[in-house]
1. Can you figure out the FRET efficiency of residue 18 with residue 183, using R₀ = 35 Å and their beta-carbon distance, to the nearest 0.05?
2. Considering the zone a paramagnetic label at residue 82 would reach in this model (a point 7 Å from Cα along the Cα-to-Cβ line), which residues of the stretch 88-104 have amide N under 20 Å from it?
3. Mean separation of Cα pairs under 8 Å and 6+ residues apart, divided by the residue count of the chain: what relative contact order is that in percent?
4. Classify the stretch 44-189 as rounded, prolate or oblate, taking a ≥ b ≥ c as the square roots of the eigenvalues of its Cα gyration tensor: rounded when a/c is under 1.5, otherwise prolate if a/b is larger than b/c and oblate if not.
5. If I model a spin label as a point 7 Å beyond the Cα along the Cα-Cβ vector, how far apart are those points for residue 141 and residue 308 in nm?
6. Angle between the Cα long axis of helix 2-33 and the longest principal axis of the chain, 0 to 90 degrees, nearest 10?
7. Under the definition of Cα pairs under 8 Å and six or more residues apart, what whole-number percent is the relative contact order of the stretch 278-371?
8. Cα centroids of the stretch 235-287 and the stretch 110-187: how far apart, whole angstrom?
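What follows draws every value from the coordinates through simple rules; no lab data is involved. All values derive from a computational prediction rather than experimental measurement. Every residue, glycine among them, receives a Cβ derived from its backbone with ideal geometry; neighbour counts consider all protein chains shown.
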Ligand SMILES: [Ca+2]
Ligand SMILES: [Ca+2]
């Protein structure tokens with residue numbers, strides 16, 4: 001018996017030492033190698049968000065897949081005055097859809113894997129946010145030039161979305177001045193406001209800071225009359241309104257908040273409302289990860305766990321929001337069966353065009369089919 005206990009002790013103590021050493025090593029690794037510093041608790045949307053009066057639905061499961069297999073991770077779409085639809089794909093192309101014959105064209109190769117928001121330019125062509133290169137202009141002939149790559153001597157990185165105002169100004173967001181596209185989720189985990197909204201005056205070639213300390217500055221849109229600008233703050237689950245004209249000019253206020261997801265791109269609809277794509281950075285039942293510093297460090301150190309704690313690839317939600325900031329409609333794929341990680345929704349010609357970082361097509365939904 002004593003012999004057995006002794007053998008057990010001899011066996012258990014190395015095992016225990018191993019377990020303790022492993023835990024210590026993990027803790028040290030997490031402490032020293034975590035890419036985030038002093039993470040803050042995330043204020044999650046309330047369990048009964050403003051949209052809860054809108055019933056859950058499966059409207060986004062009824063989309064048609066356009067150009068399936070041809071469009072790699074189309075993060076954003078835009079449409080020009082002629083009705084040509086553009087998207088930037090993750091394999092470096094700007095591709096476009098010709099309205100007449102419905103054909104897609106490999107329009108111009110940018111040779112970049114880091115393109116995000118795009119917008120149609122007033123004088124033809126499009127403007128592209130490239131998280132590495134800055135702001136790019138692709139003219140009508142498909143020729144690309146760099147519009148802006150430095151801001152006050154610092155490299156412009158993580159430009160996320162851009163919109164052109166009638167006076168030629170380009171308003172654009174910088175999602176994070178600390179993290180990049182490849183580790184954007186660290187910005188969510190750290191939950192400190194590193195985002196900005198800037199304005200480029202192309203005639204004077206001057207860039208100015210419009211808003212600072214934003215919680216992952218993402219989509220930007222102008223109102224129909226261009227009297228205000230909206231910027232989305234992804235991990236704050238809200239959008240801000242910045243007045244450009246009128247008696248509130250220069251003032252900033254909350255436009256819509258407590259959204260059922262993190263707002264990504266936003267697009268003005270023909271009737272003056274807005275379509276906002278909402279990504280799902282927090283998985284239901286996993287909110288504790290976003291309130292515990294230790295859990296945040298753990299996920300940040302082992303980023304392969306992001307797909308476990310987030311619902312990015314499990315759900316798709318878009319909302320239609322009035323010019324007063326109130327949610328009018330909510331369209332969903334609640335299980336991600338057909339669509340997930342939808343990052344943009346653009347209304348054009350009675351259809352909604354949806355881009356996603358988890359698809360190889362643009363989804364198209366006739367708006368007559370949804371309530
Ligand atoms: Ca855009
Ligand atoms: Ca975006």
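1. Details: r = 32 Å, r/R0 = 0.91.
Efficiency at R0 = 35 Å is approximately 0.65.
2. Output list for this probe position: 88-89, 93-104.
3. Numbers: 925 pairs, mean separation 65.0, N = 371.
Over the chain, the number comes to 18 percent.
4. Working: a/c = 1.67, a/b = 1.09, b/c = 1.54.
The shape class here is oblate.
5. The answer from the label model is 5.4 nm.
6. 30
7. The value is 21 percent.
8. Taking the Cα centre of the stretch 110-187 as reference, the centre of the stretch 235-287 is 20 Å away.
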